[in-house]
Amino acid sequence: MNQVMTQKPHELLAATLSAELEAVNLLIRERMASKHAPRIPEVTAHLVEAGGKRLRPMLTLAAARMCGYQGEHHLKLAATVEFIHTATLLHDDVVDESAQRRGRPTANLLWDNKSSVLVGDYLFARSFQLMVDTGSLRVLDILANASATIAEGEVLQMTAATDLKTTEEIYLQVVRGKTAALFSAATEVGGVIAGAPEAQVKALFDYGDALGIAFQIADDLLDYQGDAAKTGKNVGDDFRERKLTLPVIKAIAQATDEERAFWERTIGKGRQEEGDLEQALALMAKYGTLEATREDAFGWSAKAKAAMAQLPDHPIRAMLSDLADYVVSRLN
């Protein structure tokens, strides 16, 4: 990626797609309205207007434009993707008992758990109405499957998060569910609605899948190596919350009996003491698992960029390629 670039890739994409993004924002505001339940737009607006990057809907718009789409259905699909994402965030914050998101109090804290869950359900329903509006059964199939994969991934994470038998394969399944499924669906439907050739639709899916995995692995690594001021998370939050992420899974796979007993006490049983985080970091350093995790993130970023070769030569293609570099540039 060009290091002297003044704008980050997602900012460049947003500027390039600004008119379409504005149309998507109008559609989102229109569709999150409710004649009978004013709490719905209140709760939704709190999250939708919170200043997120709109990365997922941008991927849909970018894919459609790159494949030469001329209609307006991609706007509905971009809004659909954002509604699915927002619905899952509302549900996640309840499940995780979170108090903050993007530096603001969560909806479940400002209102209550019931409101968050029910408004999330409403947004899922709205997203299906938008999908149907496009008249494409294939688009409906892709986004419905993604929604099921997301829910499945969340349930799998709940059971696998503190189970020391969790493998890298299971971790990848969780990551595909919680992050990559919506990235790949967002890019794939952009190609489908544009009537792109199958090879290009497959490349768009592969790009979104690899980008989402790289993004999540980088996020999990930054929990142990990141700058709290930049990431908004304290170092070791995942450890304290007993989340089995890739650096720990790699360390457990190589652990001695004594080390395994440490992981069982701290992660499996949640009996953590002063100095345990430092001990965990020392074990990860001993087996080089932070560096190995970093290499995995860069490997998935490279896969995302490789998928781009199948796509039309277009200025947006270069931006998407730079985006794949950007999601792991935080690890340098």
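Filtered by the rule that a residue be among the aliphatic types (A, V, I, L, M) and farther than 30 Å from Asp209 by Cα, segment 281-306 gives Ala282, Leu283.
When restricted to residues that are open to solvent by 10 Å² or more (accessible area, probe 1.4 Å) and assigned to a helix (DSSP H, G or I), segment 189-219 contains 12.
Within segment 5-22, the set of residues being surrounded by fewer than 12 Cβ atoms within 10 Å (Cβ to Cβ), modelled with pLDDT of 90 or more and either outside any helix (DSSP H, G or I) or not aliphatic (A, V, I, L, M) (or both) comprises Ser18, Glu22.
Do we find a residue being at pLDDT below 95 and crowded, with 18+ Cβ neighbours inside 10 Å anywhere in segment 226-234? Yes; the residues of segment 226-234 include at least one that is at pLDDT below 95 and crowded, with 18+ Cβ neighbours inside 10 Å.
Can you spot a residue in segment 68-76 that is at pLDDT below 85, open to solvent by 30 Å² or more (accessible area, probe 1.4 Å) and in a helix (DSSP H, G or I)?
The answer is no; no qualifying residue exists.
Entry remark, segment 263-276: residues being touching a helix residue (DSSP H, G or I) at 6+ places or on another chain (Cβ under 6 Å) and open to solvent by 30 Å² or more (accessible area, probe 1.4 Å) number 2 in total. Note on segment 151-173: residues that are surrounded by 14 or more Cβ atoms within 10 Å (Cβ to Cβ) and in a helix (DSSP H, G or I) amount to 11.
The values are calculated or read from the model by the stated rules, or taken from the named source; none is laboratory data. Everything numeric here is computed off the predicted structure, so don't read it as measured data. Cβ coordinates were reconstructed from backbone atoms using ideal geometry, including for glycine residues, and neighbour counts include every protein chain displayed. Accessible surface areas use protein heavy atoms only, side chains included; no ligands, DNA or RNA. Shrake-Rupley method; radii C 1.70, N 1.55, O 1.52, S 1.80 Å.
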